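Enquirer: This is the structure, below, for whatever I ask next.
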Amino acid sequence: MLINEIASPRLSAALSHLNASSSLLFASASLEQAAGIVGRIFKPCQVDLVDRGARADVRMHHIAMGEISLNRLRYSSRVDIAPAQLKDFFLVQMPLHGHATIISEGQEIISTPQLATVINPEDVTRMRWEPGNDQFLLRISRSLLESTLMGQLGQPLNGPLRFDSAFRWQENPAWCALIGYLMECASQGLDLDKHRLIRQQIEQLVATTLLNSHRHNYQHPGQQKRAAIRPSHVRRVQEYIHAHAHETLSAEMLAEIGGVSLRGLYAGFKNFLGVSPMQYLRDTRMERVRAELLTGEVNNVTGV
């Protein structure tokens, strides 16, 4: 199996679900056809065979999960890829087998099963995938990541979010646990369009884990939460949420605890934390889930 180069046996087993025919989007010997379909899932791209006369076998698996999607893409021959700027999403590219050369914003990275790449929305990127390069691609919407980050910082962003291009993903237990969890969810065949709350929680878990697992331009003291200027009712409700996140909470209940109207509660959270109180509650719960996954002591990931 092509995923045997992955360090974690559990992760290898989980990712094998992207071999299943149920998630197969296409298998084609036509490079033009493949580029068209890949372009519709991501962004239009120019794909060219490097070796004259080579066969252009391409396979892609795709699982949509709301504001994220799981994808597996393999080119059997050496290809040059020139995608358009992503604009509205981030793309984490994790080779499962083989390697690729990624040139993004002037930085050249030799990407291997140990070294992933993160493509930012405004990056100008050129890639060469070597024969048999097989990659797991996680697409995450820009609005999801930036709104989650604003909630963490407690203030609007003063510029675009940017991650470091090189990502040693297998050295991060939380990220590996997340990938395993996503694949376990996918393997259950759950229709997330019918389970909106579960989908939103999965989206938040992905965004929170990436923001806490990989370096980005908002990880410095100047961008910490403005705790000193938060109104007392916002701080009081935050403290209550952290102490009772495992319980059933409503916005009306939180407003009563804060001693303000429902409108005042929402205005305070929006102005000083960048999210609604219920979104803050969901983010807190997702951070607890991430912490549990990180311990490595979880027997039932879906249960968590």
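The values are calculated or read from the model by the stated rules, or taken from the named source; none is laboratory data. Owing to the predicted nature of the structure, the values given are computational and were not obtained by experimental measurement. Heads up, the Cβs are rebuilt from the backbone with ideal geometry, glycines too, and the neighbour counts pull from every protein chain shown. Remember, those area values only see protein heavy atoms, side chains included, never the ligands or the DNA or RNA. Shrake-Rupley method; radii C 1.70, N 1.55, O 1.52, S 1.80 Å.
Enquirer: Any idea how many residues of region 109-119 are within 21 Å of the chain's Cα centre (by Cα) and open to solvent by 30 Å² or more (accessible area, probe 1.4 Å)?
Expert: Qualifying residue count, region 109-119: 2.
Enquirer: Could I ask something else about it? For region 185-200: of the residues being open to solvent by less than 60 Å² (accessible area, probe 1.4 Å) and touching a Lys or Arg at 6+ places or on another chain (Cβ under 9 Å), which is nearest to residue 124 (Cα to Cα)?
Expert: Among residues in region 185-200 that are open to solvent by less than 60 Å² (accessible area, probe 1.4 Å) and touching a Lys or Arg at 6+ places or on another chain (Cβ under 9 Å), the one nearest to residue 124 (Cα to Cα) is 200.
Enquirer: Okay, moving on. Tell me, which residue of region 92-108 that is open to solvent by less than 10 Å² (accessible area, probe 1.4 Å) and touching a residue at least 40 places away in the same chain (Cβ under 8 Å) is farthest from residue 179 (Cα to Cα)?
Expert: The selected residue is 104.
Enquirer: Can you name the residue in region 149-184 that is touching a residue at least 40 places away in the same chain (Cβ under 8 Å), of a type outside the set (A, V, I, L, M) and open to solvent by less than 20 Å² (accessible area, probe 1.4 Å) and, of all such residues, is farthest from residue 119 (Cα to Cα)?
Expert: The selected residue is 154.
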